[in-house]
1. May I ask for the distance between the Cα centers of the range A:26-41 and the range B:25-74, given as a whole number of Å?
2. Of all DSSP beta bridges in the range B:219-481, what percent run antiparallel (nearest 5)?
3. On a 0 to 90° scale, report how tilted helix A:72-82 is relative to the longest principal axis of chain A, with both axes built from alpha carbons and the result rounded to the nearest 10.
4. Charges at C-beta only: +1 for Lys and Arg, -1 for Asp and Glu. How large is the resulting dipole of the range B:1-155 about its Cα centre, in Debye rounded to 20?
5. What does the highest-first list of B:101-107, A:22-28, B:53-59, B:145-151 look like by mean Cβ count within 10 Å?
6. Work out the charge dipole of chain B with +1 on the Cβ of Lys and Arg and -1 on the Cβ of Asp and Glu about the Cα centre, then indicate which of B:407, B:173, B:222 is farthest towards its positive end.
7. So if a site counts as exposed when it's one of the trypsin sites (Lys or Arg not before Pro), its DSSP state isn't H, G, I, E or B, and it has at most 15 other Cβ atoms within 10 Å, what's the longest stretch of chain A without one?
8. Which pairs break 30 Å Cα to Cα here: A:32/B:474; B:417/B:438; B:94/B:397?
Amino acid sequence: MKTIEVKICLGTSCYIMGSSYLQELADIMPSKFSGRVNIIGHNCLGQCMSQGEKSNPPYVQIDDEILDGATIEKVLEYIEKKL
Amino acid sequence: MSVKQSIYLKKEVLIRIIRAFFSGDFLKNIRLIPFDMRPRGMEVSYRCCIYKERAVLRERIIAGLGFAIEDDDEAEDLSDYAKKALSRVKPSAKPLTIAATACKGCVKNRVYVTDICQGCVARMCGQVCKFGAVNFINGKSVIDAAKCKNCKMCVAVCPYKAIAQTIVPCEEACPVDAIKKNEAGFAQIDYERCILCGKCIAGCPFGAVHEKSWLIDVLKHFNSGLTEKDGVANGKNIIALIAPSIAGQFPGNIYQLKSAIIQTGFSDVYEVACGADITIKNEAVEFDERMEKGAPFMTTSCCAGYKQFAGKHLPEIAKFMSHTQTPLYYIAQKVKEAHPDAITVFISPCAAKKIEAFYNANVDYVINYEELGALFIAKNIEILNCKETKYDVESSKQGRNFAVSSGVAAAVASLAKTPIKPYIINGLNRETINSLKKAAKEQKIDGNLVEVMCCENGCIGGNAAICAPKVAQKAIKALVEISQDIKDDTGSGI
Ligand code: FES
């Protein structure tokens, strides 16, 4: 069965702009996803610097795609779509 | 729970203010922020048009520079505000301000009949209304706003639940009725009643309530390229005093955080938890003394919001409140003794501490977690990459656990000789306020040590918290586990 890797950026910029709240994701993962989603906290994903003025933290990397302005709802929706 | 967009925006504004400050042309760049954030042609995110959005941003910047938005005449240029901020000697004692343009978004609290009304025969709504505010037009009820007093009796009795009440979130959030929409529809703070708990800041969905930031007052002591000519005093020794609730508010541990704070421009960092160790010792002694003298109970006194509450709403509780000083008081005193020329900056979870600092000559300024966070981002500091720096004096387990609800009571219990039965007030709200009032009146409560924390979950629930209380609790627990128990010589050598 396919599993998805969700990297929550815990770099300074992302953390302060909202990824601190995304840490709850693991606790509220719906049971239908259980065992299929691997959530990990990660150092700065590099987006905050490379996007410069346009940067829109917090960032979450789902497999190899980057999600900006991430919220719990957005991440869950994304996982739903992928699975 | 995700971070609210309104809070996100406030942080974005703070980051821009700090970047402008260090840009080499503060006065010009501060003026451009609304245009940089909402450039021509940009899709409008929240409001009717780009001009309104810029107007709201301008107001947020005024608060970020430390001024009252209420006093703004709209003609004053942001660069003039910036100039005034640079030459300001002491920030204001009224720490909150409300952005009128943002506040206008919500309507006054009122009760009204929805079209679910069936025009029933019982007409209970009309019967229960003591003010004659319910009329019947075409068989259906209609509320006369001029007479309605918002008592909500009709809401309760309607069998169809057809009567609704719009609420004003800031008024709902305030535990002491200190914020109200005025006739013109703008919320106003009554400082005679306000206890500065900051619950309205978090409660307003439009993000209209702001702290008047003391950031510029702090930054002007940093090396910034600005000179004495601009009203700044460079090269000062600036010492950050970090509140015990800080663990978990930022990535990394508190040792990495120390390095990160120093990288922003501070010269040194002390844990206020060291001050908490002194508070614990004194409070335990005071508790034993009071119990020996037969006092029914004692309340803690470290929460600035609770102190404001007691002073403004429940003076009868004063005689039960401990006279021991706060952790911030003790650490600031020690730091100023050791470094008389230093500027001390308390890094705070909440707005209420500003008032404590305002009246304590040893605490020069206060900035909150959001403001420190904005400073890290503006200066591109990656905390997780910072090395760990030890503190000159390590705080105890008990001191580091001070910021969590029931942590203060547990700390005092660890040193007091009298057995402690704690009564925990985990957040001031209408209900807990009533139990305090009752305790003051009847001179008894179900416990001998009453720990009062104005915010739910303790200081980690403060208005400027960056993470959810659960995350903060976990981080504090981890730190407490590696810390030493409080001993007689804990904290010596500060
Ligand atoms: S902090 Fe998240 S991308 Fe840099």
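1. Using only Cα atoms to place each centre, the spacing works out to 40 Å.
2. Numbers: 1 of 22 bridges.
Beta bridges within the range B:219-481, antiparallel portion: roughly 5 percent.
3. Once rounded, the angle reads 60 degrees.
4. Working: 28 positive and 16 negative charges, 102 e Å.
That gives a dipole near 500 debye.
5. B:53-59, B:101-107, A:22-28, B:145-151
6. Ranked along the dipole, the leading option is B:173.
7. On the way: sites that count: A:2, A:36.
Result for the longest clean stretch: A:37-83.
8. B:94/B:397
Bear in mind these aren't lab numbers, they're just calculated from the coordinates by the rules spelled out. All values reported here derive from a predicted model rather than from experimental measurement. As a convention, Cβ positions derive from the backbone with ideal geometry for all residues, glycine included, and neighbour counts pool all protein chains shown.
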